[in-house]
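Q: Before anything else, here's the structure in question.
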């Protein structure tokens, strides 16, 4: 295992026997004539934990890279995950539907999502990065470089907290990716909140 130090103030393990999709925070492991796909520990942390899982596919389905494959309800929002590869689904892991805590407890083992037989010509290594490259990219990210500071600033409600620790966006189907979303502006049609009346502001005389 590789170790990512200081990610949100934690040390996070990265398995070395698989490849990674840094945009979706997924891992991909070759297993004979199929690949097994799951969520990295980093992905679980960025989502703030996973409460429930719903699959959009079943064994026998064929899909292209970028198609929705699973839906997560997290402690922060909701997220649609898209497949980084094209091919035929050969298995899905219903265990994570019944026991979402597996994502925290065993993200590189029992918490795999699905298995796929790649489409002809699609090569996992051509689309994904190796563990060392994945680790180096995370070490350069604000989440790692400012990990301890982010947790400290989160308690203060600072701009750093709001931009980094504010929460994963609730993305729409087909979007994927763990990116952040600013709060929506207030509805212009809504009346402004009422303040104290002029008489009330003068007090009792």
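Q: Is it fair to say residue 32 is touching a strand residue (DSSP E or B) at 6+ places or on another chain (Cβ under 8 Å) and either crowded, with 22+ Cβ neighbours inside 10 Å or free of Cβ contacts under 8 Å to residues at least 60 places away in the same chain (or both)?
A: For residue 32, the condition - touching a strand residue (DSSP E or B) at 6+ places or on another chain (Cβ under 8 Å) and either crowded, with 22+ Cβ neighbours inside 10 Å or free of Cβ contacts under 8 Å to residues at least 60 places away in the same chain (or both) - is not met.
Q: Could you list, in sequence order, all residues of the stretch 80-97 that are out of contact with any helix residue (DSSP H, G or I) (no Cβ under 8 Å at 6 or more places or on another chain) and either assigned to a loop (DSSP other than H, G, I, E, B) or buried (at least 18 other Cβ atoms within 10 Å of the Cβ) (or both)?
A: Once the filter is applied, which keeps residues that are out of contact with any helix residue (DSSP H, G or I) (no Cβ under 8 Å at 6 or more places or on another chain) and either assigned to a loop (DSSP other than H, G, I, E, B) or buried (at least 18 other Cβ atoms within 10 Å of the Cβ) (or both), the stretch 80-97 yields 80, 81, 82, 83, 86, 87, 89, 92, 93, 94.
Q: Same structure, new question: Consider the stretch 61-79. How many of its residues are under 19 Å from residue 21 (Cβ atoms), out of contact with any helix residue (DSSP H, G or I) (no Cβ under 9 Å at 6 or more places or on another chain) and surrounded by fewer than 19 Cβ atoms within 10 Å (Cβ to Cβ)?
A: Summing the residues that are under 19 Å from residue 21 (Cβ atoms), out of contact with any helix residue (DSSP H, G or I) (no Cβ under 9 Å at 6 or more places or on another chain) and surrounded by fewer than 19 Cβ atoms within 10 Å (Cβ to Cβ) in the stretch 61-79 gives 5.
Q: Sticking with this one: Mind checking which residues of the stretch 29-46 are outside any loop (DSSP other than H, G, I, E, B) and either within 18 Å of the chain's Cα centre (by Cα) or closer than 20 Å to residue 71 by Cβ (or both)?
A: 36, 37, 38, 39, 41, 42, 43, 44, 45, 46
Q: Now for a different question. Could you list, in sequence order, the residues of the stretch 98-134 that are in contact with a helix residue (DSSP H, G or I) (Cβ under 8 Å, 6 or more places away or on another chain) and free of Cβ contacts under 8 Å to residues at least 40 places away in the same chain?
A: 102, 110
Q: Now for a different question. Taking the stretch 123-151 only, how many residues are surrounded by fewer than 16 Cβ atoms within 10 Å (Cβ to Cβ), under 18 Å from residue 36 (Cα atoms), touching a strand residue (DSSP E or B) at 6+ places or on another chain (Cβ under 7 Å) and modelled with pLDDT under 75?
A: Adding up the residues that qualify gives 1.
Q: Could you say whether any residue in the stretch 103-122 is more than 19 Å from the chain's Cα centre (by Cα), at pLDDT below 95 and exposed (fewer than 14 other Cβ atoms within 10 Å of the Cβ)?
A: Yes.
Q: Is it the case that residue 108 is assigned to a loop (DSSP other than H, G, I, E, B) and within 20 Å of residue 133 (Cβ to Cβ)?
A: Yes, satisfied.
Q: May I ask you to verify whether residue 100 is surrounded by 15 or more Cβ atoms within 10 Å (Cβ to Cβ) and in a loop (DSSP other than H, G, I, E, B)? Break it down into steps so the answer makes sense when it comes.
A: On the way: surrounded by 15 or more Cβ atoms within 10 Å (Cβ to Cβ): yes; in a loop (DSSP other than H, G, I, E, B): yes.
Here the answer is yes, as residue 100 does meet what is asked.
Q: Being closer than 19 Å to residue 86 by Cβ and not in a loop (DSSP other than H, G, I, E, B) is the filter here, so list the residues in the stretch 13-28 that pass it.
A: Answer for the stretch 13-28, where residues must be closer than 19 Å to residue 86 by Cβ and not in a loop (DSSP other than H, G, I, E, B): 19, 20, 21, 26, 27, 28.
Q: Taking residue 56 and the conditions (1) under 19 Å from the mean Cα position of the chain (by Cα); (2) modelled with pLDDT under 95, which numbered condition does it fall short on, given that it satisfies the others?
A: Checking residue 56 against (1) under 19 Å from the mean Cα position of the chain (by Cα); (2) modelled with pLDDT under 95, the one that fails is (2).
Q: Need the failing condition index for residue 8 against (1) modelled with pLDDT under 95; (2) out of contact with any strand residue (DSSP E or B) (no Cβ under 7 Å at 6 or more places or on another chain); (3) surrounded by fewer than 16 Cβ atoms within 10 Å (Cβ to Cβ), just the number.
A: Of everything listed in (1) modelled with pLDDT under 95; (2) out of contact with any strand residue (DSSP E or B) (no Cβ under 7 Å at 6 or more places or on another chain); (3) surrounded by fewer than 16 Cβ atoms within 10 Å (Cβ to Cβ), residue 8 misses just condition (3).
The values are calculated or read from the model by the stated rules, or taken from the named source; none is laboratory data. Treat the numbers as computed from the prediction; the structure is a model and nothing was measured. Here Cβ is always computed from backbone atoms with ideal geometry, including for glycine, and neighbour counts include all displayed protein chains.
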